[in-house]
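Chemist: Before I ask anything, here is the structure I am working with.
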Amino acid sequence: MLLHEITLENVGAYKGKQRINLEVRENKPIILIGGLNGCGKTTLLDAIQHALYGSRARCSGRGTRSYDTYLRDTINREASPKDARIGLRFSTTVEGEQRHYRVVRAWQVRGKSVREFLNVFINGELDQVVSDSWADHIEDLLPLEVASLFFFDGEKIESLADPERAAPVIESAVHSLLGVNTVEQLRTDLLALQRRQKVSDDDKRALEEIKLIEQQISMVDQTCADSLQRVASAQASLGAAEVAAARAEDAFATKGGNLYQRRAELEAEKKFLGDQLQGLQDNLVNHVAAGPLPLLLLSTQLDQIKEQAAREEVADQAGRVLEALAKRDKQLLKFVRPLVGSEPAVEVEKYLAADRLQRAADANTQRFLELSRSAAQQLATLDQVLDKERSNARTLVDEATQLRERLNTVERQLAAVPDEQMIVGLVQQLEAARLQVAELKADLARAKEAHAAADNDRNQLVVSREQAYKKRASGLAKAEHAGRIISYAERVRTTLEQFGDALLRRHINALEVAVLDSFTRLMRKSGLVQDLSIDTDKFTLTLIGADGEALDPARLSAGERQLLAVSLLWGLARVAGNRLPTVIDTPLGRLDSRHRQNLVERYFPQAGQQVLLLSTDEEIDEYLLSRLKPAVAQTYTLVHDDQTFTTTIEHGYWWQPGAPHVA
């Protein structure tokens, strides 16, 4: 399917008739539409869905309003008369032939009534039959569940990163977009064929039972729908209450509420730190300072004492060996003189005499200390003792300093504790907000339980109906022809069931590969996710981290969760063959610059044959436009007049050379 043109007349901020040409070219699939917040980008996305699906469209601006109220509010406030119109031209292939559609949806307000008109033109001719049955016809061309995968708000798809929320989307896409539901429809058609066989008199009881069960199923279907609505309402209320509770907690924390709650803990910590600090100080004063540590103040004097002790030691040694050296020298000269002669012997004698003279001078060194041997040994080891004492003292001082810093921090926190009278109101507000959240969670749990019970009842009734049909089919099989049809239909249904399971597994496997590849292309952290799997029963998505364990999506940043959601949609589109246009409103919200560049370079040009981007100037800026430009077919800018509150559509984007900056 390709979109060719959309026309808006008096819709939202678009006064009068505004037209956008959506034609694309080969290798240029992107239509870039820029607009500031409030200029009407989301209105364009809603208008496409509104034109196609009418009251069933999931327009972001509708909320809980009725369809008539939504139509009334959608008309431009300056329009007179109160008429509005949306025209959408697109083409698609139907049964091997190219068809061109033009859908014109118009509505008008006359007093308290709102009237809507729908005309569908096929290949230029009005087709009244298709116009009257358009809701069914568009489901064949583009099912509503599938459209939500291709027309989406970039800021709101982050929820698809949640496994529980993504499961129904994956299930719907696999069944609708990838054709798995076609197999199930064939099985249903075969079941209907079985039911249409001739009814015998013996079969009336079975038919009455089936009719009763179907009535019960119809009633339970309504109960399921009602309970699901209550679940949605409870979830909305809970979300609002959780926001209010978060605000109350922020206000409580801002006013020092957290410190108020920790007052007793802080006081106990203050006493503990004070006792520890006092103990360290006592240790420093009574033990460390009372030992040899003060000698460090006399380092110069100690050095002098060690030098004097060394000199006295040398003198003692010289005195002890002097007499022995004199005897040795005489013996040495007697031995040397005959060997070397008289003259060399005289030189040796002079040298030995000079050596004894020097030693005698050393032995005459003045003695002040007269240290004993043990005292000299203690003096020699004094440096090691003092180094150890210095290290111990420094450690104790550092510990005391850290304790003092921690004690100062605790004292500052205690000083910041608000007065009880000042905080009591915030405490009451916080408790009330938390109580409301707890009550709404209980309401939501009850609503989910009721829905689950109703859904279980329906499943049981469906099983009972299947059993009743099988029982009836068995009775009809008494007739040869009917029996043959029923038998073959049942066999084919079984084969189709097996084929459907195999087809589902094949599509799921292909989808796992496509989503992982898409996520890997878009992510900045290449090693964050190594693999992923999709359960074929519950359709839940499980991420596998680098350690081989399941990775909780909550650990991903908001931008990474958005990229995961985009990867899921991209993977679905790739597996389906990119046969549908993609329309993305606010495509780069919550993303950092690297992730934005990855989307621009790797996703948008590959997202499909036609990609409509509705962007602000801060999302796709001048640099990103330069990266995207090779794939851009056309650009537009939504220019809003703040005086008349209307928007006009102009060709070109903000960053075109010479163009004015609309912002």
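The values are calculated or read from the model by the stated rules, or taken from the named source; none is laboratory data. What you see is a predicted model, and the numbers here were worked out from it, not measured in a lab. Every residue, glycine among them, receives a Cβ derived from its backbone with ideal geometry; neighbour counts consider all protein chains shown.
Chemist: Which pairs have Cβ atoms under 7 Å, sit 6 or more apart or on different chains, and link a residue in the stretch 8-30 that is outside the structural domain of residue 632 (by TED's automatic domain parsing) and surrounded by fewer than 23 Cβ atoms within 10 Å (Cβ to Cβ) to one that is of a type in the set (A, V, I, L, M) and at pLDDT 95 or above?
Modeler: Qualifying pairs under 7 Å: none.
Chemist: Being touching a Lys or Arg at 6+ places or on another chain (Cβ under 6 Å), at negative phi, of a type outside the set (Asp, Glu) and touching a residue at least 60 places away in the same chain (Cβ under 8 Å): is that true of residue 489 here? I'd like the intermediate steps shown before the answer.
Modeler: Working: touching a Lys or Arg at 6+ places or on another chain (Cβ under 6 Å): no; at negative phi: yes; of a type outside the set (Asp, Glu): yes; touching a residue at least 60 places away in the same chain (Cβ under 8 Å): yes.
When the stated conditions are applied, residue 489 does not pass them.
Chemist: Can you pull out the helices (runs of 4 or more DSSP H) entirely within the stretch 327-421 that have at least 1 residues that are at pLDDT 75 or above and either exposed (fewer than 14 other Cβ atoms within 10 Å of the Cβ) or of a type in the set (A, V, I, L, M, F, W, C) (or both)?
Modeler: Working: elements: 342-363, 373-380, 382-416.
In the stretch 327-421, the matching helices (runs of 4 or more DSSP H) lie at 342-363, 382-416.
Chemist: List pairs: first in the stretch 64-85 and buried (at least 17 other Cβ atoms within 10 Å of the Cβ), second part of a helix (DSSP H, G or I), Cβ under 7 Å, 6+ apart or cross-chain?
Modeler: Final answer for the pair search is 84/74.
Chemist: Here's something else I'd like to know. Return the residue satisfying two criteria in turn: it lies in the stretch 46-60 and is in contact (Cβ under 8 Å) with a residue 24 or more places away in the chain and surrounded by fewer than 17 Cβ atoms within 10 Å (Cβ to Cβ), and of such residues it is nearest to the chain's Cα centre (by Cα).
Modeler: So, considering only residues that are in contact (Cβ under 8 Å) with a residue 24 or more places away in the chain and surrounded by fewer than 17 Cβ atoms within 10 Å (Cβ to Cβ), the one nearest to the chain's Cα centre (by Cα) is 60.
Chemist: Mind checking whether some residue in the stretch 228-239 is outside the structural domain of residue 390 (by TED's automatic domain parsing), modelled with pLDDT of 65 or more, under 30 Å from residue 195 (Cβ atoms) and assigned to a helix (DSSP H, G or I)? Spell out the reasoning first.
Modeler: Restricting attention to the stretch 228-239, the residues satisfying the condition of being outside the structural domain of residue 390 (by TED's automatic domain parsing) are 228-239.
If we keep only those that are modelled with pLDDT of 65 or more as well, we get 228-239.
Next cut, under 30 Å from residue 195 (Cβ atoms) only: 228.
Cutting the leftovers down to assigned to a helix (DSSP H, G or I) gives us 228.
Yes, the conditions are met somewhere in the stretch 228-239.
Chemist: On to the next question. Out of 612, 599, report the one residue that is in a helix (DSSP H, G or I) and touching a residue at least 60 places away in the same chain (Cβ under 8 Å). Full working, then the answer.
Modeler: Values: 612 fails: in a helix (DSSP H, G or I).
None of the others qualify; the one that does is 599.
Chemist: Would you mind telling me which numbered condition in (1) within 23 Å of residue 581 (Cβ to Cβ); (2) surrounded by 18 or more Cβ atoms within 10 Å (Cβ to Cβ) residue 123 fails?
Modeler: (2)
Residue-by-condition table, conditions (1) closer than 30 Å to residue 25 by Cα; (2) in contact with an Asp or Glu (Cβ under 9 Å, 6 or more places away or on another chain); (3) of a type outside the set (Val, Ile, Thr); (4) not in a strand (DSSP E or B):
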| residue | (1), (2), (3), (4) |
| --- | --- |
| 494 | no, no, no, yes |
| 498 | no, no, yes, yes |
| 506 | no, no, yes, yes |
| 512 | no, yes, yes, yes |
| 532 | no, yes, yes, no |
| 537 | no, no, yes, yes |
| 543 | no, yes, yes, no |
| 554 | no, yes, yes, yes |
| 569 | yes, no, yes, yes |
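Chemist: Restricting to the stretch 1-51, count the residues that are closer than 22 Å to residue 99 by Cβ and of a type in the set (Gly, Ala, Ser).
Modeler: Of the residues in the stretch 1-51, 2 are closer than 22 Å to residue 99 by Cβ and of a type in the set (Gly, Ala, Ser).
Chemist: Checking the condition touching a strand residue (DSSP E or B) at 6+ places or on another chain (Cβ under 9 Å) and either modelled with pLDDT of 85 or more or among the polar types (S, T, N, Q) (or both), which residue from 494, 520 passes?
Modeler: Values: 494 fails: touching a strand residue (DSSP E or B) at 6+ places or on another chain (Cβ under 9 Å).
None of the others qualify; the one that does is 520.
Chemist: Another question, if that's okay. Taking the options 574, 590, name whichever one is of a type in the set (D, E, K, R) and either at pLDDT 80 or above or within 30 Å of residue 503 (Cα to Cα) (or both). Explain how you work it out, then say what you get.
Modeler: On the way: 590 fails: either at pLDDT 80 or above or within 30 Å of residue 503 (Cα to Cα) (or both).
On inspection, the qualifying residue turns out to be 574.
Chemist: Let me ask something else about it. Hand me the list of helices (runs of 4 or more DSSP H) wholly inside the stretch 115-209 holding 3 or more residues that are modelled with pLDDT of 80 or more and over 24 Å from residue 603 (Cα atoms). Show your work before the answer.
Modeler: On the way: elements: 128-132, 134-141, 144-147, 163-172, 180-195.
By residue number, 128-132, 134-141.
Chemist: Out of the strands (runs of 3 or more DSSP E) lying entirely within the stretch 1-69, which hold 3 or more residues that are in contact with a helix residue (DSSP H, G or I) (Cβ under 9 Å, 6 or more places away or on another chain)?
Modeler: Working: elements: 2-11, 14-21, 30-35.
Counting at least 3 such residues, we get 2-11, 30-35.
Here is a yes/no grid of residues against (1) of a type in the set (A, V, I, L, M); (2) more than 17 Å from residue 79 (Cβ to Cβ):
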residue: 6; (1), (2): yes, yes
residue: 13; (1), (2): yes, no
residue: 24; (1), (2): yes, yes
residue: 27; (1), (2): no, yes
residue: 33; (1), (2): yes, yes
residue: 39; (1), (2): no, yes
residue: 43; (1), (2): no, no
residue: 58; (1), (2): no, yes
residue: 66; (1), (2): no, yes
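Chemist: Determine, yes or no, whether residue 631 is in contact with a Ser or Thr (Cβ under 9 Å, 6 or more places away or on another chain) and not β-branched (Val, Ile, Thr). Walk me through it before giving the result.
Modeler: Numbers: in contact with a Ser or Thr (Cβ under 9 Å, 6 or more places away or on another chain): no; not β-branched (Val, Ile, Thr): yes.
Taking the combined requirement at face value, the residue does not satisfy it.
Chemist: Which members of the stretch 536-567 meet the condition of being free of Cβ contacts under 8 Å to residues at least 24 places away in the same chain and either among the charged types (D, E, K, R) or within 24 Å of residue 175 (Cβ to Cβ) (or both)?
Modeler: At the first step, the residues of the stretch 536-567 found to be free of Cβ contacts under 8 Å to residues at least 24 places away in the same chain are 537, 543-552, 554-555, 557.
537, 543, 547, 549, 552, 555, listed by residue number.
Chemist: Just name the residue that is modelled with the lowest pLDDT out of those in the stretch 638-663 that are buried (at least 18 other Cβ atoms within 10 Å of the Cβ) and either of a type in the set (Lys, Arg) or over 22 Å from residue 77 (Cα atoms) (or both).
Modeler: 655
Chemist: Let me ask something additional. Could you give me the residue pairs with C-beta distances under 9 Å whose first residue belongs to the stretch 267-280 and is without any contact (Cβ under 8 Å) to a residue 60 or more places away in the chain, whose second residue is assigned to a helix (DSSP H, G or I) and of a type outside the set (Asp, Glu) wherever it lies, and which are 6+ apart or on separate chains?
Modeler: Listed by first residue and then by second, the contacts come to nothing, as the list is empty.
Chemist: Of 278, 261, which residue is of a type outside the set (A, V, I, L, M) and either assigned by TED's automatic domain parsing to the domain that holds residue 394 or at pLDDT 80 or above (or both)?
Modeler: Details: 261 fails: either assigned by TED's automatic domain parsing to the domain that holds residue 394 or at pLDDT 80 or above (or both).
After ruling out the rest, the residue left standing is 278.
Chemist: If the Cβ limit is 9 Å and pairs must be 6+ apart or interchain, which residue in the stretch 145-170 that is over 19 Å from residue 610 (Cα atoms) and of a type in the set (Val, Ile, Thr) pairs with which residue that is surrounded by 21 or more Cβ atoms within 10 Å (Cβ to Cβ) and at pLDDT below 70?
Modeler: 169/160; 170/160
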